[in-house]
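Input: a single structure, listed below in structure tokens.
The values are calculated or read from the model by the stated rules, or taken from the named source; none is laboratory data. All values derive from a computational prediction rather than experimental measurement. Cβ: placed from backbone, ideal geometry, glycine included. Neighbour counts: every protein chain shown. Protein only, heavy atoms only, side chains kept; ligands, DNA and RNA dropped before computing areas. Shrake-Rupley method; radii C 1.70, N 1.55, O 1.52, S 1.80 Å.
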Amino acid sequence: YQAASAGAALSYLGRNALIESDTTTLASGQAKWNYSFAQQAEDATLTVTDARGRKIFETAGQTAQGNHAFAWDGRDANGNLVPDGVYRLVVSAQNSSGDKVNATMSVREPIRGVDFSGTTPLIITPSGSRELGLVRAVLDD
């Protein structure tokens, strides 16, 4: 890996980052994702799955072109609180012609560490290790 990548990764320690990802951590009954569509969707379904890929919760999503936020309260389809942990958001959408509309997803997580054991640095967040290239923004809050 290059020294510039390592220096950038280290400068992110302790800061919140916007990361391109469909997984985040549910903590204290709260998990948040952002998703965006490059075009209008006719319908959108948001499905939260656990680490084993089991469907935990499903709801209708926003369909307009652009960015959308989704906050999940950690309850399953029956209203029961599920354990804290890593969860994935699956966005399924189609346009008025029935063609699939792809969503780009991101999460906001604190950077807790940096892993230099591989060929490129990985940032460590509460939901796992992620490639440095998936960081879309580092936030000053």
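Computed values, structure above
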{"item": "Net charge dipole size for the range 3-59 [Lys, Arg +1 and Asp, Glu -1 on Cβ; Debye, nearest 20]", "result": "300 debye"}
{"item": "For the chain, the longest site-free run once chymotrypsin sites (Phe, Trp or Tyr not before Pro) in DSSP loop states with at most 16 other Cβ atoms within 10 Å are removed", "result": "2-115"}
{"item": "The range 1-106, relative contact order [Cα under 8 Å, separation at least 6], %", "result": "36 percent"}
{"item": "Of all DSSP beta bridges in the range 1-98, antiparallel share, percent nearest 5", "result": "100 percent"}
{"item": "Dipole magnitude of the range 13-141, debye to nearest 20 (Cβ charges: Lys/Arg +1, Asp/Glu -1, about Cα centre)", "result": "200 debye"}
{"item": "Gain in span if fully extended, residue 115 to residue 129, counting 0.36 nm per residue against the direct Cα distance", "result": "4.2 nm"}
{"item": "Sulfur and carbon atoms: percent of accessible area, the chain [1.4 Å]", "result": "45 percent"}
{"item": "Residue 95 paired with residue 28, simple spin-label distance in nm, labels 7 Å along Cα-to-beta-carbon", "result": "4.3 nm"}
{"item": "Cut-off 12 Å between beta-carbons: net charge of the residues surrounding residue 30, Lys and Arg +1, Asp and Glu -1", "result": "+1"}
{"item": "Accessible area (Å², per residue) of the chain, counting only protein heavy atoms and a probe of 1.4 Å", "result": "56 Å²"}
